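What follows is a single structure, written as structure tokens, with notes after it.
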Amino acid sequence: MPETRSWQVRWVGRCRSCIRAAAGAGRGAGRFVADEWYFARQWWRKTPVQRKRTWQLTAGSAVAGLAVAAGAVSVAGPWDSGQRTAERARAARWDDGGGEHHGDGPAAPGAAPVLAALGASVKGGGDGAPPPTGSGLADALAPLLKAPALGPVRTASVMDVATGREVFASRPDRTATPASTIKLGTAVAALTALGPDHRFTTKAVQDGRTKDGTPKIVLVGGGDPTLTARTPTQGTPAAQRPAALGDLAADTARALKKRGTKKVTLRYDDSLYEGPVLHPIGPNENLAPITALTADEGRLDDSGHGPAPRATDPSAEAARAFADDLRAHGIHVTGGTEDADARRTATRLAAARSLPLSSIVERMLTHSDNDIAEQLARQTAVATGQPTTFKGGGRAVQRTLGQLRIPVARTAFEDGSGLDRDDRVSARLLSHVLLLAAAPDHPELRPVLTGLPVAGFTGTLESRYADEAAGAGAVRAKTGTLTGVNTLAGTVVDADGRLLTFAFMTNGASDGIAAQQSLDRLASAVANCGCR
């Protein structure tokens, strides 16, 4: 364990000091101090960079004390929701599978101690830590960008969070297919347009009666991407439970019984979105048809993320599940469920509100969830008055980023998930998005950082960085993977404790695994670098 090695090093160091002290007892005090300083300097120069980095982080944490803790909390965002909770629970259990066909990897140890140290270093974005120089970073990164495993298109951008300066760049304005790293832009746009505390509402309303007097109930979708028809996992705190159709049915049945109603007809309303429900790639296990009323992302198995067989009509499936829940609560539902728009004059019976958007964004980024991404792009379109289609959602994201002064020139946002190969963004755009998310004056964007997978520990990076010790636990990044497309964008604390954002992109690689490994080496090089 790292703790054991650190203790052994300190013990050996103390023994050496004792020997030197005995040997120097007969010398003058000044000569003894000079010798000790010489030995200390030689020993420090021979110490591996990674070990230096660990001790620097530990010392920084001890000196900063409560001030560092407060700073880490302000940067990292809420500790009782989403990714923060997931990281604390990581040592006990982590469900397998990824969001981008990354495959299964060996079980990783709990990440909490590593994250605590890194969180302390983030305070102030690099206060007291020397910034890297462009020439130093170029010496470390330029050779790695020439790796044969990378495709003909290869771009990079590294930015210093404390100063907001780009400290390394290689064709940073050249646009390329981003794959899932485009989700970073989707997250920032949704948080900006809606706010981190926004919740999506699914409701049941009574909208008149049938000819025989039976009340007509309509289940109205609000575009909640995490709505579930499943029974919540036992022990899950209420504050972390997504909105559930079962709870909504129980509340609806209670309201109906108070009115003396035990027999209803049921319809559903998913009219919040317009346009085609199928992504241009067609039916695909990576994405369900996008509707405003979907439970469990239309999954036909028990999975929670990653590829899965999907329902062809998620709205109808959700309505059928809701009807079954009503029956379980003593309400007789007649006929079959059909699509019908609810009138504005309909009477609300009950409502179910989603988790806050901040938690949903974290989940989207950790698992590279395409369904959430497309829902959030449409919700951004709703909030900004754009068409609620795939292209309309992409346009809403692009315009919102442009308003935030993110460099969107020559970019193309054809969707919110990155599944569309016609998407085009630059490495500089991605590094700027992350820089904005770390800015002190944009605390609403902090979930973009806290949702990033941790190299070797969580989400789509769980099975990566096994051979990159410098990057494991230190790199937090969003992955992007399509055939011939590999991208990586995130944050890292370098060997001197400086917080940096980075984006590395390559298109046209023939070996996807080798290209991923090359990108991981680039990020690890930044983590291992005191580049001055």
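The values are calculated or read from the model by the stated rules, or taken from the named source; none is laboratory data. Only a predicted model underlies this, so the values are computations on that prediction, with no experimental measurement involved. Here the Cβ positions follow ideal geometry from the backbone for every residue, glycine too, while neighbour counts run over all protein chains shown. All accessible areas refer to the heavy atoms of the entire protein, side chains included, with ligands and DNA or RNA removed. Shrake-Rupley method; radii C 1.70, N 1.55, O 1.52, S 1.80 Å.
What tally of residues in the range 213-230 results from selecting those that are open to solvent by 10 Å² or more (accessible area, probe 1.4 Å) and among the aliphatic types (A, V, I, L, M)?
Total satisfying the criteria: 2.
Out of the residues in the range 323-360 that are charged (D, E, K, R) and touching a residue at least 60 places away in the same chain (Cβ under 8 Å), state the one that is least open to solvent (accessible area, probe 1.4 Å).
Quick first cut of the range 323-360, residues charged (D, E, K, R) only: 324-325, 327, 338-339, 341, 343-344, 348, 353.
Those still in the list that are touching a residue at least 60 places away in the same chain (Cβ under 8 Å) too: 325, 338-339, 341, 343, 348, 353.
Values: Asp325: 38, Glu338: 101, Asp339: 91, Asp341: 105, Arg343: 140, Arg348: 141, Arg353: 146 Å².
The selected residue is Asp325.
Could you say which residue among Val218, Val158 is under 28 Å from Asp420 (Cβ atoms), hydrophobic (A, V, I, L, M, F, W, C) and not in a helix (DSSP H, G or I)?
Numbers: Val218 fails: under 28 Å from Asp420 (Cβ atoms).
Only one candidate passes the filter, namely Val158.
What single numbered condition from (1) open to solvent by less than 10 Å² (accessible area, probe 1.4 Å); (2) outside any loop (DSSP other than H, G, I, E, B); (3) closer than 30 Å to Gly330 by Cα fails to hold for Asp207?
(1)
Conditions (1) hydroxyl-bearing (Ser, Thr, Tyr); (2) without any contact (Cβ under 8 Å) to a residue 60 or more places away in the chain, marked per residue:
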position: Asp371; (1), (2): no, no
position: Leu376; (1), (2): no, no
position: Gln379; (1), (2): no, no
position: Ala383; (1), (2): no, no
position: Thr389; (1), (2): yes, no
position: Gly392; (1), (2): no, no
position: Arg395; (1), (2): no, yes
position: Leu401; (1), (2): no, no
position: Arg405; (1), (2): no, yes
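Counting only residues that are in contact with a helix residue (DSSP H, G or I) (Cβ under 7 Å, 6 or more places away or on another chain) and on the phi > 0 side of the Ramachandran plot, which one in the range 155-200 is modelled with the lowest pLDDT?
Gly164
For the range 446-528, which fully contained strands (runs of 3 or more DSSP E) count at least 1 residues that are under 17 Å from Ser417 (Cα atoms) and small (Gly, Ala, Ser)?
Details: elements: 475-482, 485-493, 499-507.
In the range 446-528, the matching strands (runs of 3 or more DSSP E) lie at 475-482, 485-493.
Are any residues in the range 399-425 of a type outside the set (D, E, K, R) and in a helix (DSSP H, G or I), and if so, which ones? Before you say what the answer is, go through the steps one by one.
Within the range 399-425, the subset of a type outside the set (D, E, K, R) is 400-404, 406-409, 411-413, 416-419, 425.
Those that are of a type outside the set (D, E, K, R) and in a helix (DSSP H, G or I): Thr400, Leu401, Gly402, Gln403.
Filter the range 436-487 down to residues that are among the hydroxyl-bearing types (Ser, Thr, Tyr), farther than 30 Å from Gly195 by Cβ and touching a residue at least 40 places away in the same chain (Cβ under 8 Å) and give me whichever is surrounded by the most Cβ atoms within 10 Å (Cβ to Cβ).
Tyr465
Can you spot a residue in the range 423-435 that is open to solvent by less than 10 Å² (accessible area, probe 1.4 Å), closer than 25 Å to Ala523 by Cβ, of a type in the set (D, E, K, R) and under 21 Å from the mean Cα position of the chain (by Cα)?
At the first step, the residues of the range 423-435 found to be open to solvent by less than 10 Å² (accessible area, probe 1.4 Å) are 423, 425-427, 429-431, 433-434.
Okay, now just the ones that are also closer than 25 Å to Ala523 by Cβ, so 423, 425-427, 429-431, 433-434.
Checking the rest, the ones that are also of a type in the set (D, E, K, R) come to 423.
Filter once more, so that each one left must be under 21 Å from the mean Cα position of the chain (by Cα): 423.
Scanning the range 423-435, I find at least one residue that is open to solvent by less than 10 Å² (accessible area, probe 1.4 Å), closer than 25 Å to Ala523 by Cβ, of a type in the set (D, E, K, R) and under 21 Å from the mean Cα position of the chain (by Cα), so the answer is yes.
Answer yes or no as to whether Ile281 is farther than 16 Å from Gln375 by Cα and in contact (Cβ under 8 Å) with a residue 24 or more places away in the chain. Outline the logic, then answer.
On the way: farther than 16 Å from Gln375 by Cα: yes; in contact (Cβ under 8 Å) with a residue 24 or more places away in the chain: yes.
In short, yes.
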